[in-house]
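Undergrad: Before I ask anything, let me first share the structure, which is written out below as structure tokens.
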Amino acid sequence: MSIIREVERCLAGIRSHNGFLNAFTNLRPTETLLKEAAVANQRIKSNQPLSRIDGRIIAVKDNICTDDVPTTCASEILREYRSPFQATVVARLNTSGAIVVGKTNMDEFGMGSHSIYSTFGMVKRPQPAGQEDAPFRSAGGSSGGSAVAVAADLCDGALGTDTGGSVRLPAAYCGIYGLKPSYGMVSRWGVVAYSNSLDTVGVLARDSKGVEDIFNAISGYDEMDPTSLSDNTRNRIKEVIAKRKARNKGPLRIGVPLEYNLAELTPPILATWKHTLTQLSLLGHPIVPISLPTTKHALSTYYILAASEASSNLSKFDGLRFGTRSPHDWDPETQTLFAPTRKNYFGDEVRRRILLGTYSLSAEAMGNYFVKAQRVRRGIRRDFDAVFGLRNMLYSKGEEEEEEERGKVDVLITPTSLSMSPRLKDVLAQRSPLDSYVNDVLTVPASLAGIPAMSIPVGVVGDEGREEGEKVGMQLLAQFGDEEPLFEIAKALEGL
């Protein structure tokens, strides 16, 4: 099929399905998309593609800046905002020949686990074939729109952002692949910040090759992003990985963290995790039990740090510097100028996290919360460094050891979520919005440590699966800067 026909097919699918899936917030003009498709089609026919993703149709999460359609972060305060520039990742997609089709729905400012906190309405997971009348299920969050667009075949791949699992959890719920790269591998320039030290641009696609191709296209040093890894650091990481591969030619060693075997894991998830480990063992990969003792503190640490940074980052959205200004912005009773704007145009979840973060940074609470959370975060990173055979090039000063230490591993494998995708009506019926925070318990440790993590879809094992063909997410984790073994294991398990 020509690229022009493929673009027309995707646009027709969006027009047909977006009314109830609610995956897209804005689309680029049809004429522009067809022109780009015609140019890409000519390059492909001439055997002169710009990259492996030339002509691929990519959706972009609505907190990543584009200069031709609004960037709203699914918030009322930014509903009409148009960025004067485009994010580095979008520019690199364009340079690679990809066709950016539009912006995808999300939880407001990336704060949520089910993509229900959006001014455009909640996102719904695509229904499995033959189950069109079944209750709608959660698409995961906060990159739910990107995951649904990929799962419903409305695009070839999508960009999301992952702060504590916001790419991996939607990928798990929607049965697709989702990668959170190492922190600093992909530029954050042009991404509306939620939590600077945690935000990472991630990739979603229907197969591991699609994820790898898009990741390779957008990865690289960016002088506009102060957190971007320099070329020198990237080269040092590559050298250490190459030496280790030359020394250890055997199969990858797979670690199983004992602390991830939680009582809250549902039977389908636990059975599928065990089955996946069995399959890897049959492929010749040694399975090694390991311990990450600080993991039990990861969830509380994450919500303190993320909320604290959000409180600071979102202070600029006051209707004066950024955002829509309320017509009732001046409150004569309290003599406040922009409080009514923030009250009326921020959603409940955003206000909740701003309050939590502001309190955590207050003089009376900072020592007990924010400072302690930073110490725990260092402990979580040290736990990961202690179990991986590859040293962490950001912190390790010693030379690479000549021999692999006993018990060291190359990749960890855990479930991505505690359960399969819940019904939306059950999510909305939760007694407290805080109940959904526990969904991130398996994904936040990798975010706090800054290491790469990838959710891959694996077929449900046993009779507990609710629908035929249902898949759950298994999470792969590796040492900082070492995304390659994630793709290797993902390809080995493809189709499982």
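Undergrad: Roughly how many Å² of Met366 are accessible to a 1.4 Å probe, to the nearest 10?
TA: The accessible area comes out at roughly 70 Å².
Undergrad: So which chymotrypsin sites (Phe, Trp or Tyr not before Pro) in region 317-381 are both in a DSSP loop and have at most 15 other Cβ atoms within 10 Å of their Cβ? Could the numbers behind the result be given before it?
TA: Values: sites: Phe317, Phe322, Trp330, Phe338, Tyr345, Phe346, Tyr359, Tyr369, Phe370; in loops: Trp330, Phe338, Phe346, Tyr369.
Passing sites in region 317-381 are Trp330.
Undergrad: Straight-line reach only, C-alpha to C-alpha below 21 angstrom: list the lysines that Lys124 could link to, leaving out same-chain residues fewer than 8 apart.
TA: Within the straight-line limit of under 21 Å, Lys124 reaches these lysines: Lys61, Lys103, Lys425, Lys471.
Undergrad: From the residues Gly165, Ala151, Val240, which one has its Cα farthest along the dipole of region 113-246 in the positive direction, the dipole being from +1 and -1 charges on Cβ of Lys/Arg and Asp/Glu about the Cα centre?
TA: Farthest towards the positive pole: Val240.
Undergrad: Taking 2.2 N^0.38 Å as the expected size of a compact globular protein, what ratio does the Cα radius of gyration of region 67-132 give against it, to two decimals? Mind showing how you got there, number by number?
TA: Values: Rg = 14.6 Å, N = 66, 2.2 N^0.38 = 10.8 Å.
So the Cα radius of gyration is 1.35 times the expected 2.2 N^0.38 Å.
Undergrad: Once region 151-221 is represented by equal point scatterers at the alpha-carbon sites, with solvent omitted, what log10 I(q)/I(0) does the Debye formula produce at q = 0.18, 0.19 Å⁻¹?
TA: For region 151-221, the Cα-only Debye profile gives -0.63, -0.70.
Undergrad: Suppose all protein chains stay in the model; what accessible area per residue would a 1.4 Å probe give for the chain, in Å²?
TA: On the way: 20350 Å² over 496 residues.
Dividing the accessible area of the chain by its residue count gives 41 Å².
Undergrad: Over all Cα pairs of the chain, how is the pair count split among 10 Å bins, expressed in % and running from 0 up to the last occupied bin?
TA: Binned Cα distances yield the sequence 4, 20, 31, 27, 14, 3, 0, 0.
Undergrad: Find the eigenvalues of the gyration tensor of the Cα atoms of region 36-110, then list the square roots of 5 times those eigenvalues as equivalent ellipsoid semi-axes, largest first, in whole angstrom. Mind dumping the intermediate values first?
TA: Details: eigenvalues 159, 22, 18 Å².
Equivalent-ellipsoid dimensions as semi-axes: 28, 10, 9 Å.
Undergrad: Where both partners of a DSSP beta bridge lie in the chain, what percent of those bridges are antiparallel, to the nearest 5? Mind dumping the intermediate values first?
TA: Values: 32 of 48 bridges.
About 65 percent, rounded to the nearest 5.
Undergrad: In deg cm²/dmol, rounded to 500, what helix-only [θ] at 222 nm does the chain give when every DSSP H run of at least 4 residues adds -39500 (n - 2.57) and the total is split over its residues? Can you show the working numbers first?
TA: Working: 15 runs with 177 residues, N = 496.
My calculation for the chain gives -11000 deg cm²/dmol from helical runs alone.
Undergrad: Go through region 257-310 and name the chymotrypsin sites (Phe, Trp or Tyr not before Pro) that are in a DSSP coil and have 12 or fewer other Cβ atoms within 10 Å of their Cβ.
TA: Numbers: sites: Tyr260, Trp273, Tyr302, Tyr303; in loops: none.
Passing sites in region 257-310 do not exist.
Undergrad: Let me ask another. How large a share of the accessible area of the chain, in percent, is made up of carbon and sulfur atoms when the probe is 1.4 Å and the other protein chains stay in place?
TA: Within the chain, the accessible surface is 52 percent carbon and sulfur.
Undergrad: Any lysines with Cα under 18 Å of the Lys316 Cα? List them, leaving off those in the same chain fewer than 8 positions away.
TA: Lys316 reaches Lys343.
Undergrad: Would you list, by chain and number, the lysines whose Cα falls below 26 Å from the Cα of Lys45, excluding same-chain residues fewer than 8 positions away?
TA: Lys35, Lys209
Undergrad: Give me the compactness ratio for region 1-152, meaning the Cα radius of gyration over 2.2 N^0.38 Å. Don't skip to the answer; put the middle values down first.
TA: Numbers: Rg = 15.8 Å, N = 152, 2.2 N^0.38 = 14.8 Å.
The value comes to 1.06.
Undergrad: Within region 412-465, list the trypsin sites (Lys or Arg not before Pro) lying in a DSSP loop whose Cβ has at most 12 other Cβ atoms in a 10 Å radius. Before the final figure, lay out each step's value.
TA: On the way: sites: Arg423, Lys425, Arg431; in loops: Arg431.
Passing both the DSSP loop test and the Cβ count: Arg431.
The values are calculated or read from the model by the stated rules, or taken from the named source; none is laboratory data. Since the model is a prediction, treat every value here as computed from it, not as a measurement. In this analysis, Cβ positions are derived from the backbone assuming ideal geometry, glycine residues included, and neighbour counts consider all displayed protein chains. Just the protein is used for accessible areas: all its heavy atoms, side chains included, with ligands, DNA and RNA removed. Shrake-Rupley method; radii C 1.70, N 1.55, O 1.52, S 1.80 Å.
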